[in-house]
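Report on the structure given below.
The values are calculated or read from the model by the stated rules, or taken from the named source; none is laboratory data. Keep in mind that this is a model prediction, so the values were computed, not measured. Note: ideal-geometry Cβ built from the backbone for every residue, glycine included; neighbour counts use all protein chains shown. Note: accessible area is taken over every heavy atom of the protein model, side chains too, but ligands, DNA and RNA are not part of it. Shrake-Rupley method; radii C 1.70, N 1.55, O 1.52, S 1.80 Å.
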Amino acid sequence: MSASIQRLLAENLQPAPGRRGWHGGPTPLGALRGVGADQAVWRPGLGRKCIWELALHIAYWKYAVRRRLEGAEGGRREERFPRSPSNWPSTPAVPDAAAWATDVQLLRDEHARLVETVRRISPAWLDRKPTGSRQWTYGELIVGIAQHDAYHTGQIQLVKRLWQERTARGR
């Protein structure tokens, strides 16, 4: 694959300044702007995910894809994702503004690390499959994580709207 394809893949993860995501909406971090801890931890219904859980889930999969792109397998303990359980990390016992800021920063850091990894990967690798993968190429992993971001960002936007309707009704 060419360098221009690689650039397009990176821009799907991190649009150029002044541009929205390829889907016409915000990025995950853009969707979190202005969201406070109370709103982030609110659940729209029994058994439903809250914004906080969605943000941590997005951060985890950015981490997981980056590690796959880097060829990392397992790794030392300090290299592991800092929250658990990893795929759907729990919200903190005290879901306050400081904890929320820490977790948003985790998402911001994992996003930046993933974008940097995508920009560094050799275009020749985009058609290759990572060691141990029988199905997805490096390029497909990058497209997949961009789609994952868009899907869960849509959920965040929906939960934000439900929160606004709830607060407008005074509940």
(request) Could you tell me which of 82, 36, 99 has its Cα farthest along the dipole of the chain towards the positive end, charges placed at Cβ (Lys, Arg +1; Asp, Glu -1), taken about the Cα centre? (result) 36
(message) If you average the C-alpha positions of the range 29-51 and of the range 106-137 separately, how far apart do those two centres end up, in angstrom?
(response) 28
(message) Given the -39500 (n - 2.57) contribution per DSSP H run of 4+ residues, what per-residue ellipticity at 222 nm results for the chain, rounded to the nearest 500 deg cm²/dmol?
(response) -18500 deg cm²/dmol
(message) Please report the net charge: other residues with Cβ closer than 13 Å to the Cβ of residue 40, K and R +1, D and E -1.
(response) 0
(message) Taking loop as defined by DSSP and a crowding limit of 15 other beta carbons within 10 Å, which chymotrypsin sites (Phe, Trp or Tyr not before Pro) in the range 72-163 fit?
(response) 136
(request) Could you tell me whether the range 75-121 comes out rounded, prolate or oblate from its Cα gyration tensor? Rule is a ≥ b ≥ c as square roots of the eigenvalues, rounded for a/c under 1.5, then prolate if a/b exceeds b/c, otherwise oblate. (result) oblate
(message) Suppose accessible area is computed on protein heavy atoms with a 1.4 Å probe; arrange 129, 49, 160 from highest to lowest.
(response) 129, 49, 160
(request) Pull up the cross-link candidates among the aspartates and glutamates for residue 129, meaning alpha carbon to alpha carbon under 18 Å and not fewer than 8 places away within one chain. (result) 70, 73, 140
(request) Excluding residue 139 itself, calculate the net charge of residues whose Cβ lies under 13 Å from the Cβ of residue 139, where each Lys or Arg counts +1 and each Asp or Glu counts -1. (result) +2
(request) Note down the magnitude of the dipole of the range 18-171 about its Cα centre, charges +1 on Lys and Arg C-beta and -1 on Asp and Glu C-beta and zero elsewhere, to the nearest 20 debye. (result) 280
(message) With the cut-off at 1.5 for a/c, could you classify the range 6-71 from its C-alpha gyration tensor as rounded, prolate or oblate?
(response) oblate
(request) Please work out the average accessible area per residue across the chain, using the 1.4 Å probe convention, and give it in Å². (result) 57
